[in-house]
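Written out below as structure tokens is the structure these notes cover.
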Amino acid sequence: MNDNSKYELSRALKNRHIQMIAIGGAIGTGLFLGSGTAISEAGPSIIVSYLLTGIICFFLMRSIGELLLSDVSKHSFIEFIGKYLGNKWEFISGWTYCLCWLLLAMTDLTASGIYMKFWFPNLKQWITPLIIIIFLLLFNLVNVKFFGELESGFSLIKVLAILCLIVVGFYLILIHFHTNFSVVSLHNLVNHGGFFPTGMSGFLKSFQMVIFAFVGIEMVGLTAGETENPEVNLPKAVNSLPIRIGLFYIGSMIVIMSVYPWNKIVTDVSPFVQVFSTIGIKSAAAIINFVVLTAAISACNSAIFTVSRTIRNLAQNNHCPQILAKLNKRKVPINSLYLTAAILMIVVLLNFVIPKDVFNLLSGVSSLSFIFVWLILMLTHLVYKRQNKHQLTNFKMPLYPYSDYLSLAFFIISLVVLSLDTKLRLALILVIIWLIILYAIYSFKTKSDGS
């Protein structure tokens, strides 16, 4: 009788799925809700923060793309970490990446319960996360194509919301629309204290929310093993990233701060709501609440997919029980999916007893952990290039090796800057403790296996 764990994952994701998954990975609640806080800290200079982070994330995605296309028999970038940095770093990075997504999903699931109170004030906060987890688990168990269709739908909703904001905003700029504060104009980007009104300190503080907005962008790298034609579809998804960054992030920031002077934007309401309300759309709050609810569900859907595939890869490489590598007849990692959903169910229980501040802490742990994984991925790419100097590839990292060094420096500086923020100090300590625990577990496991 054949072992299901030996089956290959289904290559059912088409080009449009990959494109929309890549877009969805780059757009989340960090843009729709968190951008107001980032704007209040940095003013118009937030545009530069998004531009710099977008460039570095493009290099990150190109490095992941080159790694994946160098050996399409591998299904995840986690496997390349093991190949070029060793099993220890594969183990640490793999489980840290799982932690990133699980905590991110838990914070978004908790937020989804809060979003639903907009329409149903008396709804218990734990009910919405429970329904979402069960619904998404069932969808992911059917077929990876179902995941692709669902994520494409979520991404389309987010894209339409951003495009509507940009179109409406530029229309208001063209007609010089009058708001309660000023005339809508591009001059608002410099008329209220200049382009860097809060100085360098405010500019640096903004990177916390900007980086949080980009977490998950690398998720498209986990679709390689289930992509219909990875040699064609992955490069398309990665290369379209600069256009998405320019249009969605920078375009929306320019519009928002042209409609409202940056110092008039309130942080307790989405900037998107403020812009749509300006032209008299009374249901703006309800529309954006629906969009951010969709973004939260999308994050959970991405987490279920990402964590289940990462756990399967870890199981295949003997970093956890082999039973977690098992595939069902539809070529879906069934046991890994069940485990992922079971862990996410913890958030349902936590909603009874844990205050919201704890989830802000978990979000910080998740963001710092993502930066750690990105750093490891860039190191992996450097080692790969050094070991394969003469290997020909159609998807080379642009500006190598300077782009690699620049990206590494950016991630290291980001960790240093974020660690200076007292709000993230505890989160950083928890991440360090987590990494030490993983190192200890791996060392104990290695000694046990060798004895």
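The values are calculated or read from the model by the stated rules, or taken from the named source; none is laboratory data. These figures come from a predicted structure and were not determined experimentally. Virtual Cβ from ideal backbone geometry, glycine too; neighbours counted across all protein chains shown. Protein only, heavy atoms only, side chains kept; ligands, DNA and RNA dropped before computing areas. Shrake-Rupley method; radii C 1.70, N 1.55, O 1.52, S 1.80 Å.
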May I ask you to evaluate 6.51 cos²θ - 1.76 cosθ + 1.60, the Karplus curve with θ = phi - 60°, for each residue of segment 410-419 and list the ³J(HN,Hα) values in order in whole Hz, giving x for glycine and proline?
4, 5, 5, 4, 4, 4, 5, 4, 5, 5
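Work out, step by step, the length gained on full extension between Asn328 and Leu426: first 0.36 nm times the residue separation, then minus their alpha carbon distance; give nm to one decimal.
Values: separation 98, 0.36 × 98 = 35.28 nm, distance 4.10 nm.
Result for the pair: 31.2 nm of gain on full extension.
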The distance between the Cα centres of segment 64-105 and segment 381-427, in whole Å, is 15
Could you list, in their original order, any pairs among Lys88/Lys447; Lys158/Lys396; Lys117/Lys145 whose Cα atoms are separated by more than 21 Å?
Lys158/Lys396; Lys117/Lys145
About the Cα centre, charge dipole magnitude for the chain (Lys/Arg +1, Asp/Glu -1 at Cβ), debye:
480
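Report relative contact order for the chain in percent, whole number only (criteria: Cα-Cα under 8 Å, sequence separation at least 6).
34
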Per 0.36 nm of contour for each residue apart, how much would the distance between Ile175 and Tyr402 grow if the chain were fully extended, relative to their Cα-Cα spacing?
77.3 nm
With a 1.4 Å probe and every protein chain left in place, work out the accessible area per residue of segment 130-171 in Å², rounded to a whole number.
43
Tilt relative to the chain, helix 46-70 - C-alpha long axis, 0 to 90 degrees, to 10
20
Asp421 accessible area, assembled protein chains, probe 1.4 Å, Å²:
40
Projected onto the charge dipole of the chain (unit charges on the beta-carbon of Lys, Arg, Asp and Glu, signs +1, +1, -1, -1), the Cα from Leu438, Val417, Ser73 with the largest positive-side position is that of Ser73
From the backbone phi of segment 204-213, what are the Karplus-calculated ³J(HN,Hα) couplings (6.51 cos²θ - 1.76 cosθ + 1.60, θ = phi - 60°) in whole Hz, Gly and Pro given as x?
5, 4, 5, 5, 4, 6, 5, 5, 4, 5
